1. For the pair Y91 and V24, what calculated FRET efficiency results from E = 1/(1 + (r/R0)^6), where r is the Cβ-Cβ distance and R0 = 41 Å, to the nearest 0.05?
2. Between T71 and A11, what is the FRET efficiency for a Förster distance of 30 Å, r being their Cβ-Cβ separation, to the nearest 0.05?
3. Label-point separation (nm) for S2 and L81, each offset 7 Å from Cα along Cα-to-Cβ?
Amino acid sequence: MSVARRTLLTATAAGTLLAALWFVPSANATGDTGENRPQSAPAAPADRAAAGAAEDSSDARLADTGPGPETTPYLVGGTALLGLGTAFVTYSVRRSVTGARPAL
């Protein structure tokens with residue numbers, strides 16, 4: 001396979017991956033029914049102190065998301081893919097250093 005054809009295949013694969021990622025849904029916060037609900041007005045500082053909330057200078061409010069998602073599969077998969085990528089790079093570097101070239 002020629003170098004030009006190999007480069008074209010790599011560019012095509014990268015473009016296909018980017019096109020597929022375009023259709024991945026975004027993680028916008030919505031209600032259970034899928035419709036956006038207007039936020040209520042932030043509580044006054046006196047109301048926050050009475051409710052036992054921590055005092056701070058910002059009116060930032062955190063969402064109550066519950067116990068949180070299970071991240072173990074993502075960590076394991078990411079670590080495995082990182083290791084696989086490292087192995088490919090190491091193999092390629094060793095192959096280029098030893099002078100082994102693929103037959104064209």
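1. That gives a FRET efficiency of 0.85.
2. That pair, T71 with A11, gives E of 0.35.
3. Here the modelled spin labels are 3.4 nm apart.
We did not get these values from a lab; they are worked out from the coordinates using the rules stated. Only a predicted model underlies this, so the values are computations on that prediction, with no experimental measurement involved. When we count neighbours, we look across all protein chains shown, and the Cβ atoms used for this are built from the backbone with ideal geometry, even at glycine.
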